[in-house]
Amino acid sequence: MDVRNLDGLKIDALITTINAMRFDAATASKPHLDEVPVVTLVGTAADLPAAIIKVNSFVSTYATHIASAATVSTKGAHLTADATNVVTAPTATDQSTANARANDLKAQFNAHVASTTFHKVADAGVITASNATNLASLQTLLLDIASKMDAHFARCTAASFINVVPA
């Protein structure tokens, strides 16, 4: 191919080929296919109202993350969207529902990161804090969730997806 005289069809074919190679080239330590926006999730919650806000926010961030799927022509974090490991506990409104929602998030996140259905390789960074049963254990769990979710989101391939934007 003459690189000085690339027409639109050759450019499209080249970009498709490069993106396909990139899609297939994730390394063993990088489960995500594309850049995942790193959201710093601060887990510290001084009281129950703050903990309720945090757990609901973390679930929302997680839901957005698991829905991100890549193809050779579209950006995304996963091989396929994860519709399996979905948090189903109701929105937190009190201690009991906050505990249930955080515990559900922990279980779903741990199953999600371990999956090679959604990732090129499994991620060993699982949430290890005990399930929440009271405010103190909820606060501890939220700190671990924030830490592990941030770390998981940061694990992606180094190469960027090529997207040609019309002038």
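Arrange the peptides 44-50, 55-61 so that the one whose residues have, on average, the most other Cβ atoms within 10 Å appears first.
Values: 44-50: 12.3, 55-61: 19.4.
Highest mean packing first, the order is 55-61, 44-50.
Taking amide H positions as placed 1.01 Å from N in the peptide plane, with prolines and chain starts having none, which residues 5 or more places from residue 78, or on another chain, fall under 5 Å of its amide H?
33, 69, 70
What pairs in 54/148; 75/120; 54/106; 75/106 have C-alpha atoms more than 18 Å from each other?
Details: 54/148 15 Å; 75/120 15 Å; 54/106 14 Å; 75/106 26 Å.
Violating the 18 Å limit, Cα to Cα: 75/106.
What is the set of long-range amide H partners of residue 86 at a cut-off below 5 Å, with H atoms built 1.01 Å from backbone N?
Distant-sequence amide H within range of residue 86: zero hits.
Considering the zone a paramagnetic label at residue 44 would reach in this model (a point 7 Å from Cα along the Cα-to-Cβ line), which residues of the stretch 139-155 have amide N under 17 Å from it?
139-148
Express in nm, to one decimal, how much length is gained between residue 147 and residue 94 on full extension, taking 0.36 nm for each residue of separation and deducting their alpha carbon distance.
Values: separation 53, 0.36 × 53 = 19.08 nm, distance 2.34 nm.
Once the chain is fully extended between residue 147 and residue 94, it gains 16.7 nm.
What number, in percent, do you get for the relative contact order of the stretch 83-138 if the mean sequence gap of Cα pairs under 8 Å and at least 6 apart is divided by its residue count? All intermediate terms of the calculation are to be shown ahead of the outcome.
Numbers: 62 pairs, mean separation 17.6, N = 56.
The value is 31 percent.
Taken together, the values in this text are just the output of simple stated rules run on the coordinates, not laboratory data. For clarity, every value in this text was computed on a predicted model and none was experimentally measured. Counting neighbours? That spans all protein chains shown, and the Cβs are built from the backbone with ideal geometry, glycine included.
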